[in-house]
Amino acid sequence: MDNQLNYYNIKREYALKFFQVPKVFMTNDKYKKLSAEAKLAFAILSDRLQLSIKNHWFDKAGNIYFIYTGEQLEQILGCGHSKITSIKKELTEAQLLVMKRMGQGKANRMYLLGPEITDNDIYGIDQLETAENPLAEEVVNIDLPTSMNDGQPETLDKSRLLKNSNLDYRKTVTSDTDINNTEYLKTLNTDTKKTDTLTDSPQNIKQLQDAALFEVQLENDNIFSKQQLLALKLLSNGDFELFCTVQKTILRAKKQALNSHQIQSSLFDLQDEDIDQPVYDALMRIVQQVRLGAIQDLNSYVFSTMFDQFEQLGSKRAITAYKTSGATITWE
């Protein structure tokens, strides 16, 4: 009886993993001239953006980058040194890749850039996706696999389908090239499992809504820095309601910590140079504790951790201000 059941199979799942090449590469003259190797390299690096996020490879502006040696790129892209050099040159000239030198003793950063889309590209992509053939509705015969049960006669060998019928393949997770060089960072339960997004289940709808709300918040929030917001997104596990709750908890901790020492909370901007990084570091320490399963009450832990952090920052600022100018930043 088991032979009649349609099991999901590990080999089939891995056979359906794929890289995605932007369709604009086939419509825009700027990208048409790219070599097949350069287009594939772009697809592979795009697939690894999630790994960069897990490794916290994003700058203060929230821009994601890669840190790979020449040898690692050769392994990832499956080609030699001269081809890697050629591919990087092609992608750089097409404004799809930016190389940034970080100074002596520091690893260089590679930033992948999104392709540009024009109105002509939109039309061209629509043309690629639209059947223009007037005979597209004619019926054709397509051979389908026969039954896998050798003990029974073939139950199905042909089917009549329209040429423009849509065959819906199950969407699968595409990131199968992870080479994680930061093993000490254990995975948070933030790995999203891509399922069939065509279903309108309440869970899928909420995920889409939360994703949209996160995008708006990242673009418009003027209280927290970009890197702080990204850390908060990690901490909230993609739940926008929890994200907002944690934000409020941090601001409450800031106000109470500074006011308890009669320091003016309004003078402390979370995006200030001496505040931004320490707050981000404190948030990432909380993320680490979450990964280790060491936190029972997240909200209470966030409050106590950030309260201590703001006390330290307040004291440091007060001392610095007094030493440099004799001024005070405390309430009279």
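Details
- Unique residue being touching a Leu at 6+ places or on another chain (Cβ under 6 Å) and over 14 Å from Tyr65 (Cα atoms) when the list is Ile125, Ile84: Ile84
- Qualifying position, being under 26 Å from the mean Cα position of the chain (by Cα), farther than 18 Å from Ser225 by Cβ and surrounded by fewer than 17 Cβ atoms within 10 Å (Cβ to Cβ), among Glu241, Glu273: Glu241
- The listed residues are Ser315, Ser304, and the only one of them that is more than 30 Å from the chain's Cα centre (by Cα) and among the small types (Gly, Ala, Ser) turns out to be Ser315.
- Residue in the range 297-326 that is modelled with the highest pLDDT, counting only those that are buried (at least 18 other Cβ atoms within 10 Å of the Cβ) and farther than 16 Å from Arg252 by Cβ: Arg317
- Matching entry among Leu251, Leu258 (being crowded, with 18+ Cβ neighbours inside 10 Å, touching a residue at least 24 places away in the same chain (Cβ under 8 Å) and part of a helix (DSSP H, G or I)): Leu258
- Any hit, the range 304-312, residues being in contact with a Gly (Cβ under 6 Å, 6 or more places away or on another chain) and closer than 23 Å to Asp59 by Cα: no
- Residue satisfying condition, being without any contact (Cβ under 8 Å) to a residue 60 or more places away in the chain and assigned to a helix (DSSP H, G or I), within set Phe307, Phe224: Phe307
- Qualifying positions in the range 20-50 - touching a helix residue (DSSP H, G or I) at 6+ places or on another chain (Cβ under 8 Å), assigned to a loop (DSSP other than H, G, I, E, B) and closer than 27 Å to Asp119 by Cβ: Gln20, Val21, Pro22, Thr27, Asn28, Leu34, Ser35
- Only one entry of Ile44, Ile67 meets the criterion of being modelled with pLDDT under 90 and more than 30 Å from Arg285 (Cβ to Cβ), and that entry is Ile44.
- Verdict on Glu215 being more than 23 Å from His56 (Cβ to Cβ), in a helix (DSSP H, G or I) and either touching a strand residue (DSSP E or B) at 6+ places or on another chain (Cβ under 8 Å) or free of Cβ contacts under 8 Å to residues at least 60 places away in the same chain (or both): no
- Meets criteria (at pLDDT 85 or above and either surrounded by 10 or more Cβ atoms within 10 Å (Cβ to Cβ) or at positive phi (or both)) for Lys30: yes
- Total residues in the range 108-119, condition under 18 Å from Gly62 (Cα atoms) and in a loop (DSSP other than H, G, I, E, B): 3
The values are calculated or read from the model by the stated rules, or taken from the named source; none is laboratory data. Quick caveat: nothing in here was measured; it's all calculated off a predicted structure. Please note: Cβ atoms are built from the backbone with ideal geometry, for glycine as well, and neighbour counts cover all protein chains shown.
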